[in-house]
Amino acid sequence: MDRLREFLSLHELCTSDGLLPLLIFACILVVILLAFFRRHSNEIEWYRNYTQTLIDMHPDMVWLKDCDGVVLACNAPLASLYSMSVRDIIGKTDFDLVDSEIADAFREGDRKAIEAGLPTRREEKFVTKSGECQFFETIKSPMYDKKGKLIGILGMARNVTATRQAEIALQSSEQLFSTAFKLSPGPMAISLPEDGTIIDVNEAFVRVSGYNRDELIGRNRKQLQSWDDNAQFVECYRQLKTQGFVRDFEASFRKRNGEIALGLVSAQLVDIDSQERILWFTRDITEQRQAENALRNSQRKYSTVFHLSPNALLLTLETDGRPVEINAAFVNLCEADCHELEWKADFLSTIFATPGITRDYSEHLRRKGLLLNTEADILTMRGARRTCQVSAKRIATDDASHILWSFQDVTETKRAENALRVSEVKFSAAFRASPDAVVITRTGDGRIIDLNDGMVRLSGFQRDELIGQSPLQLNFWVNLSEQEAFIAGVREHGRVRDQEVNLRAKDGSIQFVLMSAEVFSIDGELHTLSVIHDITQRRLAEIELKNANSRLSVLSARLLEAQEAERRNLARELHDEIGQSLTAQKMALEGLGIRSGDPRLHDQIENITEITDRILNQVRQISLDLRPPQLDDLGLVAAIRWNVSQQSAIA
């Protein structure tokens, strides 16, 4: 450039000397310009080669495109991606190299970099000719000349497919973990290892503990006083720190309402977001301790959240239903060993007892994405039929879609429900057909919620007049003291047997009944079942019999009095009239014997006198037996003593 300026100065000098100097200057200028452009062409070529060398030496893919998207330069890694040579790529656009959809995405990235005016970073997806999907992290920067005019786009790309796949696998694992954590029917929690502060719980933990979620998060076991025995926690925590996990540690826990529950605790140290956490799982064994020994033994084998679940869990591919993973509970449910289960497509069709149900469930999951608590029967490998509550969730990932299945065995529960249903049918039949009055009332307020026809007949009210009313409102009780005693007995002992009370019917008549009652629970609310046996007829008959007995007693007393009076009169007549007559006859006979001089007559008179004397003694004795004089003169005790002495003398 300095030489060009010198020659331009020379041009100014030569213009004043005429045409010849000007011609000479022009020739010299042409020679200089040819030398100048040859030199700069060499420099441009050198810079082009230097730039291409830098591009070729870069391990990542590098390319340069003009404003129209035409490739001006690229390196071997980029050419290898397209399975082409560098020379074949130069001069082509994205639309010449890939399909329009991907090309549009590439051009959109170029446009955003141009709009930003700065290097921009983004992730782009590329499908090779073999159909392999790869991911690239690209940096695109707009190129400008010295005047600020856009001259092209410089791009660099690095293959991050392996990193992306690792991230997808991690995301899938975390999603599976989250799903198993939330769907688990058993209480689960995640806490800090330092002080046990709770950082997350599932719905089962909230339900069993009685706390709401806000009351649990951020608090530890000391604040909640959740462990009933601190020594159990110390031992459990020692095992956890020593082994890194705890399996089926039996402990007692205190709920929010103070109730103590027994559970099996499993815990494991896990890494969450590069930080150590404790994953807790608790299974309530308070009521089923004996029945769940085998299940607890199986739970000791679990090492992850998936295998800690007491429900049978199965993970399958959505495309063909092929099993990906099962837990020990699922193996137990199928009554099989792992090698006996065929890990083939449409695996669940061999498990469900109902043909076609797998297809219906899969269609439901495709539409809704979630299946909750659907009852279905499965067939075990031993041919047994088990009833399960089936839940499933569709889990979609970038590489594949999975379905997480949960099976809860409710066979025994269904049997218990069926037995309860049969019992309720029997109770209902007995309730309706009972000849006695049967009524069910709420224990709290005494209102009638159900009754049989016997109660309608006894009370005289119609069914609609009784439902929702209390006995006090219906004025059933004749004596309030009987009502208070009956209610007190029910509340104190929970039952009353054959308490006799009087009840008032609708027409005002008094009914004599025997009432029995017992308290029981319906949906957690206390009710009282009362059986009323009508004994009115029997009681009236007893009263009539009692009155008849009373009248009979009066008649008997009167009869005895009449008998005594008759005895007294008879004894008096025997003693006073017959006795005196016999005495007079005896005296007359004795006087006749004295006056008679005939010995034979005298002997006859003596015999008659002796007979009369015996008759007189017998009359006196009969008179005494009929009515001893001591009875009237001295009373009953003296008369009895006299009679005893007489009998003793005779004996």
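The values are calculated or read from the model by the stated rules, or taken from the named source; none is laboratory data. Note that the structure is a prediction, hence the values are computed from the model and not measured. Note: ideal-geometry Cβ built from the backbone for every residue, glycine included; neighbour counts use all protein chains shown. Calculation scope for accessible area: heavy atoms of the full protein, side chains included, ligands and nucleic acids excluded. Shrake-Rupley method; radii C 1.70, N 1.55, O 1.52, S 1.80 Å.
Just grab the label-to-label distance for D320 and W343, each label 7 Å out from Cα along the Cβ direction, in nm (one decimal).
Distance between label points: 1.4 nm.
Scan region 122-217 for GluC sites (Glu not before Pro) in coil per DSSP, keeping those whose Cβ has at most 13 other Cβ atoms within 10 Å, and list them by number.
Taking region 122-217 and a limit of 13 other Cβ atoms within 10 Å, the loop GluC sites (Glu not before Pro) found are E132, E194.
Note down, for region 313-448, the three equivalent ellipsoid semi-axes (square root of 5 times each alpha carbon gyration tensor eigenvalue), biggest first, whole angstrom.
42, 18, 12
To the nearest 10 Å², what's C67's accessible area with a 1.4 Å probe?
The value for C67 is about 60 Å².
According to a simple spin-label model (label point 7 Å from Cα along Cα-to-Cβ), what is the distance in nm between H493 and R256?
Label-label distance for R256 and H493, simple model: 3.9 nm.
Which of the trypsin sites (Lys or Arg not before Pro) found in region 98-186 are loop residues per DSSP with 16 or fewer other Cβ atoms within 10 Å of their Cβ?
Numbers: sites: R107, R111, K112, R121, R122, K125, K129, K140, K146, K147, K149, R158, R164, K182; in loops: K129, K146, K147, K149.
Those satisfying the criteria are K129, K146, K147, K149.
Can you run phi through the Karplus equation (6.51, -1.76, 1.60; θ = phi - 60°) for region 407-415 and list ³J(HN,Hα) in whole Hz, with x for Gly and Pro?
10, 10, 6, 10, 4, 5, 4, 5, 4
Of the heavy-atom accessible surface of region 491-534 (probe 1.4 angstrom), what whole percent is carbon and sulfur?
Working: 1220 of 2610 Å².
The value for region 491-534 is 47 percent carbon and sulfur by accessible area.
Where does region 406-498 land on Rg(C-alpha)/(2.2 N^0.38 Å)?
Output field value: 1.42.
Starting at 0 and stepping by 5 Å, how many percent of the alpha carbon pairs of region 237-283 end up in each bin?
Histogramming region 237-283 at 5 Å steps yields 6, 20, 24, 20, 15, 10, 5, 1 percent.
To the nearest 0.05, what FRET efficiency results for H364 and A231 with a Förster distance of 60 Å applied to their C-beta separation?
0.75
Beyond 18 Å, what share of the Cα-Cα pairs of region 172-237 is found? Please give it as a whole percent.
Numbers: 882 of 2145 pairs.
Here the tail beyond 18 Å accounts for 41 percent of pairs.
Report the full-extension gain for the segment S428 to I615: residue separation times 0.36 nm, less the Cα-Cα distance, to one decimal in nm.
Numbers: separation 187, 0.36 × 187 = 67.32 nm, distance 8.49 nm.
Here the answer is 58.8 nm.
For region 188-239, with all protein chains present and a 1.4 Å probe, just round the carbon and sulfur fraction of the accessible area to a whole percent.
Roughly 48 percent, rounded to a whole number.
Need the full-extension length gain, N607 to R121, defined as separation in residues times 0.36 nm minus the C-alpha distance. One decimal, nm.
Working: separation 486, 0.36 × 486 = 174.96 nm, distance 16.75 nm.
In short, 158.2 nm is gained.
Residue-wise, which Karplus ³J(HN,Hα) couplings in Hz belong to region 438-451, taking 6.51 cos²θ - 1.76 cosθ + 1.60, θ = phi - 60°, and x for glycine or proline?
Those phi angles translate into 10, 9, 10, 10, 6, 5, x, 10, x, 6, 7, 10, 6, 7 Hz.
Averaged per residue, what accessible area in Å² does region 351-462 show with a 1.4 Å probe, protein chains only?
54 Å²
In square angstrom, what is the accessible area per residue of region 82-218 with a 1.4 angstrom probe? Please list the in-between numbers first.
Details: 7890 Å² over 137 residues.
I get 58 Å² per residue for region 82-218.
Stretched out fully, how many nm does the piece from V410 to N332 gain, at 0.36 nm a residue minus the Cα gap?
Between V410 and N332, full extension yields an extra 26.7 nm.
Tally Lys/Arg at +1 and Asp/Glu at -1 over every other residue whose Cβ is under 10 Å from the Cβ of E518; what's the total? Spell out each step's value before the answer.
Details: positive: R495, R497; negative: none.
So the environment of E518 carries a net charge of +2.
So for the pair R107, Q537, with labels modelled 7 Å out along Cα→Cβ, what separation do we get in nm?
10.4 nm
May I ask you to list the GluC sites (Glu not before Pro) in region 324-431 that are in a DSSP loop and have at most 16 other Cβ atoms within 10 Å of their Cβ?
E335, E342
Once ligands and nucleic acids are excluded and a 1.4 Å probe is used, how much of E276 is accessible, expressed in Å² to the nearest 10?
90 Å²
How high is the FRET efficiency between Q165 and A419 when r is their beta carbon distance and R₀ equals 41 Å, given to the nearest 0.05?
Using R0 = 41 Å, I get an efficiency of 0.15.
Quick one: if the Förster radius is 56 Å, what FRET efficiency do I190 and D507 give, using the C-beta to C-beta distance and rounding to 0.05?
So, using R0 = 56 Å, E works out to roughly 0.20.
Quick check: with the 1.4 Å probe, what order do S428, S530 take by accessible area, largest first?
Order by accessible area, largest first: S428, S530.
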